Amino acid sequence: MSNLHFIIQKIEGSRELQERLKELGFFQGETLRLVRKLPFHGPYVVQTNQGLVSLRKDEFESLGLEACRKETP
């Protein structure tokens, strides 16, 4: 899963959730990489420009993502 890249198209959910995600560095137009999804509704570990971030399932699903191609170094 380490090579899946996405562009954030929109951030949905409550105002509190949107603010939390923005505080963590998630903004429309930003690219993120899915590093790992842990089993049993475990967190999603993603790489952003800010570093590694672990998101709950509902937080990850509130990101309107579009898959994109991007090579990893």
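For the chain, build the convex hull from the C-alpha positions and give me its volume per residue in Å³. It would help to have the intermediate numbers written out before the result.
Numbers: hull volume 5.8 nm³, N = 73.
Cα-based convex hull of the chain, divided per residue, equals 80 Å³.
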The chain, helix-only ellipticity at 222 nm - DSSP H runs n ≥ 4, -39,500 (n - 2.57), divided by all residues, nearest 500: -5000 deg cm²/dmol
When we measure straight from the Cα of LYS57, which aspartates and glutamates land under 12 angstrom away, once same-chain ones fewer than 8 places off are left out? none
Just to confirm the filter: which trypsin sites (Lys or Arg not before Pro) across the stretch 31-73 are DSSP coil and have at most 15 other Cβ within 10 angstrom of their Cβ? ARG56, ARG69, LYS70
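Each value in this text was obtained by applying a stated rule to the coordinates, not by laboratory testing. Keep in mind the model is a prediction, meaning the values are calculated, not measured. FYI the Cβ positions are ideal-geometry reconstructions off the backbone, even for glycines, and counts take in every protein chain you see.
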